[in-house]
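Derivation of every value follows stated rules applied to the coordinates shown; laboratory data play no part. Given the structure is predicted, the values throughout are model-derived calculations rather than measurements. Methodologically, a virtual Cβ is constructed for each residue, glycine included, from the backbone with ideal geometry; neighbour enumeration extends over all protein chains shown.
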Amino acid sequence: MAIEGADLVRAAALLGAGLAMGLGAVGPGVGEGFAAGKACEAIGKNPKEAGLLTRTMLVGQAVSESTGIYSLVVALLLIFVV
């Protein structure tokens with residue numbers, strides 16, 4: 001039993017979707033964790049600036065999360081379009 005033609009393309013698309021989401025989630029996860037850790041350190045050193053630090057951290061995490069969203073879009077395109 002050989003996999004040929006459309007089945008091979010479908011299998012490659014599903015494998016690519018899995019890889020896109022798997023690898024695409026690592027960067028935002030590490031980046032957001034690092035940002036949250038550094039924000040906690042900064043709030044511990046200067047509690048008066050907690051509001052500003054939290055707001056800045058959340059904006060940075062939103063920017064970081066955009067790469068994860070891009071990989072989700074690529075994965076969905078591979079699953080439903082290819």
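A few remarks follow.
- Each residue in the range 26-67 was checked for being touching a Gly at 6+ places or on another chain (Cβ under 7 Å) and crowded, with 16+ Cβ neighbours inside 10 Å, and 3 pass.
- Look at (1) at positive phi; (2) surrounded by 14 or more Cβ atoms within 10 Å (Cβ to Cβ) and you find that residue 5 fails only one, number (2).
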